[in-house]
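One structure, as structure tokens, below. Some questions next.
Any read-out appearing in this document is the output of simple, stated calculations on the displayed coordinates, not a laboratory observation. Note that the structure is a prediction, hence the values are computed from the model and not measured. Counting neighbours? That spans all protein chains shown, and the Cβs are built from the backbone with ideal geometry, glycine included.
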Amino acid sequence: MPTALVLIANGTEEMEFTITLDTLVRAGIECTSAFVPSASEVGLSSSGGWGVNEVLVTCSRGIKITADTTLDAVLAQQGKVYDAIVIPGGAKGADTLSQSEAVQKLVKAQYDGGKLVGMICAGSLVAKMSKLPKQPLTSHPSVKSYLDQDYEYKEDSVVTSGKLITSRGPGTAFPFAFEIIRQLCGEEKVKEVEGPMIFPKPANA
């Protein structure tokens, strides 16, 4: 069974997190969500609200989501490798994820190891902060100026460049998730997931 690690921080965009994770689960991908604290939150004990399990996160629109665990707990599992790592956006959440040295090292190791990395919306900032090589990618328009000098910036809904998949925002979360499924499980699995969702087909299909 393929595995995916989906990161989340306070301020993460709800749709990008939940749509992606839920769609991957429907494809039979074993998903783990892991909370990443901001610099000001680092060091808070479990009595401050962040233990190893079931971390309550406040997302960009104030919706609260419970993460499975923390990134620190994931990293403590030495030798654990995921088939995909997913970085959602949301301005505040993406800032936390992109500034985290632990996330940067994890993403660089994942990419260098030939494993899949998915980034959506402002989450694409992690590509730059992790020093991934120049290649095609996309992001939310609000962070284009931070990326277009270092990467071959595209404005497609989803851009796949080898093992890096990037996407634009909440409205592109489904095709983003489908592309991750396509890479991990194949085209037939995408069709299998789309069917029960009653996912709309293009008008010319």
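Can I get the semi-axes of segment 3-195's equivalent ellipsoid? Compute them from the C-alpha gyration tensor as square roots of 5 times the eigenvalues, in angstrom, largest first.
They are 23, 19, 16 Å, listed largest first.
Report, ordered by chain and residue number, the aspartates and glutamates lying within cross-link reach of Lys189, taken as a straight Cα distance under 15 Å and ignoring same-chain residues fewer than 8 apart.
Here the aspartates and glutamates satisfying the reach criterion relative to Lys189 are Asp22, Glu30, Glu179.
What full-extension length gain, to one decimal in nm, is calculated for Lys144 and Ser38 as 0.36 nm per residue of separation minus the Cα-Cα distance?
Difference between extended and current length: 35.9 nm.
So which lysines can Lys191 reach, going by Cα to Cα under 22 Å and dropping same-chain residues fewer than 8 places off?
Within reach: Lys163, Lys201.
Restricting to the chain, what percent of DSSP beta bridges are antiparallel, rounded to 5? Mind showing how you got there, number by number?
Values: 9 of 30 bridges.
Percent antiparallel among DSSP bridges in the chain is about 30.
If you take every residue apart from Thr166 with its C-beta less than 15 Å away from the C-beta of Thr166, what net charge results, scoring Lys and Arg +1 and Asp and Glu -1?
-1
Something else now. As a check on your grasp of the helix formula, calculate [θ] at 222 nm for the chain: sum -39500 (n - 2.57) over DSSP H runs of n ≥ 4, divide by the residue count, round to the nearest 500.
Working: 8 runs with 72 residues, N = 205.
That calculation yields -10000 deg cm²/dmol at 222 nm.
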